[in-house]
Amino acid sequence: MKHFFFRGDPPNFGDEINATMWKHLLPEGMLDDDESTLFLGIGSIIQHGYDPKARKVVVGSGYGGYTKKPDVHDGTWDFRFVRGPQTAEDMGLSPDLAIVDAAVLLRSTPLPAPAEGIDVAFMPHYESLERGNWKRVCEIAGVHFLDPSAPHEQTIAEIRGANLVITEAMHGAIVSDAMRTPWIGVRTMHHVHRYKWNDWARSLDIDYQPVTLWPSNGREAWAFTTGRWGSGPKARMLLEGPIAAPANFGLLHSSARSMKRIARGRPSLSSDAAIERATERALAAVNRFVRDYADQSVPA
C-alpha cells in the first residue's frame, strides 16, 4: 500500500506531518511501494487523476476543489473517514464519515516537549514565504514566527508552547486546536481556501470567521486588491523595486500594527468534548482500517 501525500517546495507543514505521524499509528511494513492501493491521509487529496485501477483508501483526507470531483462511487474508493461535512456532502458520502482532519491523530502519538518563551506566534501559508515579508513583520510586532517549511516536529513544539497562534495556514489552526492552543485564523490575500477551512471547522462546531491581516508588501497588497499576483518582470520591478521601497516600508509597519491588534482579539478553540470525541472516532476508524488491511500488507 503506497502512502500518497502532497510534497511542496518549500515543504508544507500540514502535509509533512504525514511523513512521521502514521508510523506511530500503523503497523510497521503496512505502507510500502505497492501502488495498486493508495493510502490517503492528511491533506486535500481527494481528487481526480489517480490511477483508475488503483484502490484509494481515504483516512481523514478532504476535498479541496483543486481538481474536478472524482467519481468516488466507481468501486475503487474506500472511505474510512473524511475531514468534514462539506467533503462528505460533495462526495455523496454518509454524514457519519465526516469526523475531522486526520492531523487530530497527533494527539494519539508521542509529542515533542512544548517550546518555552513563546507568547504570540504567527504562521503564514507556505506559499506566502516567497511572496510576503512575514518574518520581518513578526520581528517588528514582537511575535514569534512559525515557519511552515521548518521541520514539523519543531513547529509542533512551538505551537504547543505558544499562548496564542495567529495563522494563515489551515493546519496551523488544526494542530493548534488539537494541541489546545488558542488560535485566530487570518486571511492576508485576495484568495483564501475557505472551503477547506469551513469543512474542518464544521466538523468541530467551530464558527470560522477569518480576520483580515494587513498585507506585508506591495505584491500582497496588489493581489488582495486585484486577485492577481503581478509576477511578471515588469510587475515585480514596480511592486518590489526601489520606487516601491517607501510603500513597502509603510506596509510592513502597518502589517505589524495589524498583527498586534489581532493578537488582542478573541481566539477560537473547539470544546474539549468535541476534540476528544473526534479523536476517539478517528482513532477507532484507523484501528478498523488496520484490522481490515494489515494481513494484506504485512508479510507473515
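The values are calculated or read from the model by the stated rules, or taken from the named source; none is laboratory data. Bear in mind the structure is a predicted one, so any value in this text is a computation, not a measurement. FYI the Cβ positions are ideal-geometry reconstructions off the backbone, even for glycines, and counts take in every protein chain you see.
Overview of values
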quantity: So HIS171, is it outside the structural domain of HIS24 (by TED's automatic domain parsing) and under 16 Å from GLY43 (Cα atoms); calculated: yes
quantity: Top-ranked residue in the range 38-62 [being touching a Gly at 6+ places or on another chain (Cβ under 7 Å) and outside any loop (DSSP other than H, G, I, E, B); ranked as surrounded by the most Cβ atoms within 10 Å (Cβ to Cβ)]; calculated: SER61
quantity: Any hit, the range 91-110, residues being crowded, with 21+ Cβ neighbours inside 10 Å, part of a helix (DSSP H, G or I), β-branched (Val, Ile, Thr) and modelled with pLDDT of 95 or more; calculated: yes
quantity: Single residue of the range 253-298 satisfying the filter (basic (Lys, Arg) and part of a helix (DSSP H, G or I)) that is nearest to ALA221 (Cα to Cα); calculated: ARG257
quantity: Filter result for the condition that a residue is in contact with a Ser or Thr (Cβ under 8 Å, 6 or more places away or on another chain), within 15 Å of VAL120 (Cα to Cα) and among the hydroxyl-bearing types (Ser, Thr, Tyr), over THR155, THR181, THR167, THR188; calculated: THR167
quantity: Matching entry among ILE159, ILE118 (being of a type in the set (Val, Ile, Thr) and under 15 Å from the mean Cα position of the chain (by Cα)); calculated: ILE159
quantity: Sole exception among (1) assigned to a helix (DSSP H, G or I); (2) modelled with pLDDT of 95 or more; (3) surrounded by fewer than 21 Cβ atoms within 10 Å (Cβ to Cβ) for TYR195, by number; calculated: (2)
quantity: In the range 174-207, the residues that are over 24 Å from GLU16 (Cα atoms) and in contact with a Phe, Trp or Tyr (Cβ under 7 Å, 6 or more places away or on another chain); calculated: HIS190
quantity: Enumeration of residues in the range 127-159 that are of a type in the set (Lys, Arg) and crowded, with 19+ Cβ neighbours inside 10 Å; calculated: ARG131
quantity: From GLY14, GLY65, GLY29, GLY8, residue being closer than 17 Å to TRP200 by Cα, among the small types (Gly, Ala, Ser) and assigned to a loop (DSSP other than H, G, I, E, B); calculated: GLY65
